[in-house]
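Single-structure report; data block below.
The values are calculated or read from the model by the stated rules, or taken from the named source; none is laboratory data. Remember, it's a predicted structure, so these values are computed and weren't measured experimentally. Neighbour counts run over all protein chains shown; Cβ positions are idealised from the backbone, glycine included. Just the protein is used for accessible areas: all its heavy atoms, side chains included, with ligands, DNA and RNA removed. Shrake-Rupley method; radii C 1.70, N 1.55, O 1.52, S 1.80 Å.
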Amino acid sequence: MIQLETDVLVIGAGGAGMYAAIAAARDGCRVQLVDRSLIGRGGATVMAQMTVSVALGEQCPDHWEHHLADTLAAGRGLCDPVLAQLLCENAALRIREMDAWKVGWARENGHLKQVYAPGHDRARCVYVDFLNTGPAVSRTLRAQLNRIAAIRRIGDVLITDIVVHGGEAVGAVGLHLLTGAAVALQAKSVVVATGGLTRLYRRNSGSLNMGGDGYALALRAGAELIDMEFVQFFPIGHLAPRMIGMDPIMWDPFRYKLGGRLLNAEGEEFADRYGQAESGNYVLTRDVATYAIYKEVEAGRGSPAGGAYLSFTHVPEADLRQAFGPVIDRLAKNGIDLTRMPVEVAPIAHYHMGGVRVDASMETRVPYLFAAGEAVGGASGANRLSGNAITEAFVFGERAGTTAAARAKARAASGWDAKAAAAKALEPASRRSQAAAVPNTAALLVELQALMADYVGPFRTEEKLRLALSRLEQMQRELGPIPAGSEAYDMVCLDWLDLRNMLLVAQCVVLAAIARKESRGAHQREDFPGMLPGWDLNQILSWQDGKLSLERVPAAQAAARTP
Amino acid sequence: MTTRTARLHIQRGTPGAPARTETFQVPFTPGQSLLDGLRWIRAQLDPTLAMRFSCINANACKECMIELEGKAAYACTVRLREGDMHIAPLHNKALVHDLITEIAPRDERLLD
């Protein structure tokens, strides 16, 4: 077993993890930043296309309280107001720090350019052209990381469990994917920054790594998960014609800049039938748009591939080129000429509102265990406001890194328990017992994604959810014990470990969705339409004696306690 | 839509052992990527085929780099085509397993 030791261990090297590592090192700690993939390339951050919301007040007057009001309204009464305020109040600090680090936010007339995004009361979102926000943010944070000697970056290590001793987090164990060797990482503070769970769904806008690892790690370590029923679907994910080398959420920036028209198979605009009319401007919020597209398809007015048309044919070519420059050529290579044809779009799993329950310092109920970024639940309630995800990565990442460092410095020793670690660490493949029959893990993953998309999508019924739950339990049995295989990058072992986490996290989503007998934000129950005041509750899941347990707390009481 | 078939000849193996080439018949609809084909092979025929990718389709992560007909390419941006396609791991990087090579920058590796 390979042994490592540090002050602050950060799991996941997307925007939140990188920011947490920088913040912890800035406060004098040694940091290990570990990712199952490459550093700063594998999370959701690098996939971000455009908007980052922040009340700067340069382009038009603004105040973080207005940003907070919009965030709370989008969350449909379920946001943790303490976390939401933290997010909005600290956004400007982080966006300006990124500016000082030369991220390259778009500028106009001597100030940062801000665009209007649905759900905001004014133009509030900064971005990097063209469709380049995520890559620019990742590159900028990587450049900062590389300058700090106290941060050790370690790629290709999959963390498989948090090590807890005496009720406190003391480190983690994992698998070095390239060799199959077990790794033990001793740390005084542990930050989970592994992102969301989009990989649970067939069509998604995340990277492969977003299989809910961090939720499963935190849950098994004794932390709680909150709001797990709320999976955000991005309404206009690219559907057809097939494109390569382009992110499926790339149409949003076109909508921000040029409006665009969302049409059904009959060529009619239809958003007004579902409560929000558009007249050339992009005002449709994500939950309403998702609902509207599903209902049009259900009524037989969907596009050939089963979505809606998005059309820019009314926009002059010169305007398209000015707004999107080289992207127009990349579209042409995919056979798409926006001046002549619409594209087909449909809802796609995009973000998870739920996640690890933390206090205002990002610490879970397990001492010395922290979460950051999308891994955190609560700030967005039942529906996240456009533009808050990258902001959340920065703000919660910085906060988690800072407080994890402070807690690590005040801790004499981590209380590392080699025996507890060894018990959780994986045996090398050569020493594992040979399982009798290994299922096709890659096929099981495909089946899981289909099951979640078809039965636990944005529109839910008791019947479908119950079917999903029973199949998930069955799949867990079929998975069997961890298979023995090869040592170097063993795909079946990797799938098995991913399925272990994904099946657990999927059950969390389904259990919370069955329990919430109303419709709110991203959780729409066809058998319980409408939002009920009696359901101003947050649902909290924990892992007790090998079982999931669910409790409800009034939304106000779920608010993060002040440390 | 018309279904066509690509014949993927994939070089497989681990360091120290002689490489072998395996051939898979992959049905596809025009427009699909080589990465789609590799994923299809894992789910339908052989889950042990070692390959890596992260961003799936966005050409953002750069992890799916392989050699196609002897030239470096991203599996996510090459389209499947009818007939023979020869796929191998990058020859100028240390082989890990099948199509996976050691691509992490030196200072981001656990082991030297």
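Structural descriptor for the stretch A:171-315: relative contact order 16 percent, calculated from alpha carbon pairs under 8 angstrom and at least 6 residues apart. Based on C-alpha pairs under 8 angstrom that are at least 6 apart in sequence, the stretch A:259-411 has a relative contact order of 17 percent. Here the contact order of chain A, divided by its residue count and restricted to Cα pairs under 8 Å and six or more residues apart, works out to 22 percent. Taking the accessible area of the protein assembly as shown, probe 1.4 Å, and keeping the other protein chains in place, the carbon and sulfur fraction comes to 51%. Computed over chain A, the percent of Cα pairs more than 37 Å apart is 28. Normalising the Debye intensity of chain B to I(0), with uniform scatterers on Cα atoms only, and taking log10 at q = 0.11, 0.16, 0.20 Å⁻¹ returns -0.34, -0.71, -1.09. Summarising the overall dimensions of the stretch A:207-275 from its C-alpha atoms, the Rg and Dmax are 17.9, 52 angstrom. Residue order by solvent-accessible surface for A:Lys333, A:Lys547, B:Lys93 is A:Lys333, A:Lys547, B:Lys93, largest first, with ligands and nucleic acids left out and a 1.4 Å probe. Take each residue in A:70-78, count the other chain C-beta atoms within 10 Å of its C-beta, and the mean is 0.
For a 18 Å ceiling on Cα separation, which of these pairs sit above it: A:Lys419/A:Lys547; B:Lys71/B:Lys93; A:Lys188/A:Lys547? Going by Cα-Cα distance, A:Lys419/A:Lys547; A:Lys188/A:Lys547 fall outside the 18 Å limit.
Radius of gyration over Kirkwood radius for the stretch A:161-315, both on Cα atoms: the Rg/Rh ratio is 1.13. In the context of the full set of protein chains, chain A has a per residue accessible area of 33 Å² (1.4 Å probe). At a Förster radius of 56 Å, what calculated FRET efficiency corresponds to the Cβ-Cβ distance of B:Asp112 and A:Arg365, to the nearest 0.05? It comes out at approximately 0.90.
The angle between the Cα long axis of helix B:34-44 and the longest principal axis of the Cα atoms of chain B comes to about 90 degrees, rounded to the nearest 10. Along the Cα→Cβ direction, 7 angstrom out, place labels at A:Gln544 and A:Gln476. What is the inter-label distance in nm? Using points 7 Å along Cα→Cβ, the separation is 1.6 nm. Our analysis of the stretch A:69-182 gives Rg over Rh at 1.08, with the two radii drawn from alpha carbon positions and Rh computed by the Kirkwood formula. Scattering from the C-alpha atoms of the stretch A:481-563 alone, worked out with Debye: what is log10 I(q)/I(0) at q = 0.11, 0.22 1/Å? Rounded to two decimals, the profile gives -0.48, -1.07. Using the Cβ-Cβ distance between A:Ala422 and B:Ala94 with R0 = 45 Å, the FRET efficiency computed as 1/(1 + (r/R0)^6) comes to roughly 0.90. Per the accessible-area calculation with a 1.4 Å probe, the total area buried between chain B and chain A rounds to 3200 Å². Per residue of chain A, the DSSP helices (runs of n ≥ 4 H) give a summed -39500 (n - 2.57) that works out to -11000 deg cm²/dmol at 222 nm. Sparse packing (at most 14 other Cβ atoms within 10 Å of the Cβ) combined with a DSSP loop state is found for the following trypsin sites (Lys or Arg not before Pro) in the stretch A:58-110: A:Lys102.
For the Cα trace of the stretch A:1-143, dividing Rg by the Kirkwood Rh returns an Rg/Rh value of 1.01.
Candidate cross-link partners of A:Lys113 among the lysines, defined by an alpha-carbon separation under 26 Å and a same-chain spacing of 8 or more, comprise A:Lys102, A:Lys257.
An ellipsoid equivalent to the stretch A:135-228, defined through the eigenvalues of its Cα gyration tensor, has semi-axes of 22, 21, 15 Å when rounded to whole angstrom and sorted largest first. Annotation: average projected area of the stretch A:126-174 is 5.9 square nanometres, based on the convex hull of Cα atoms across all directions.
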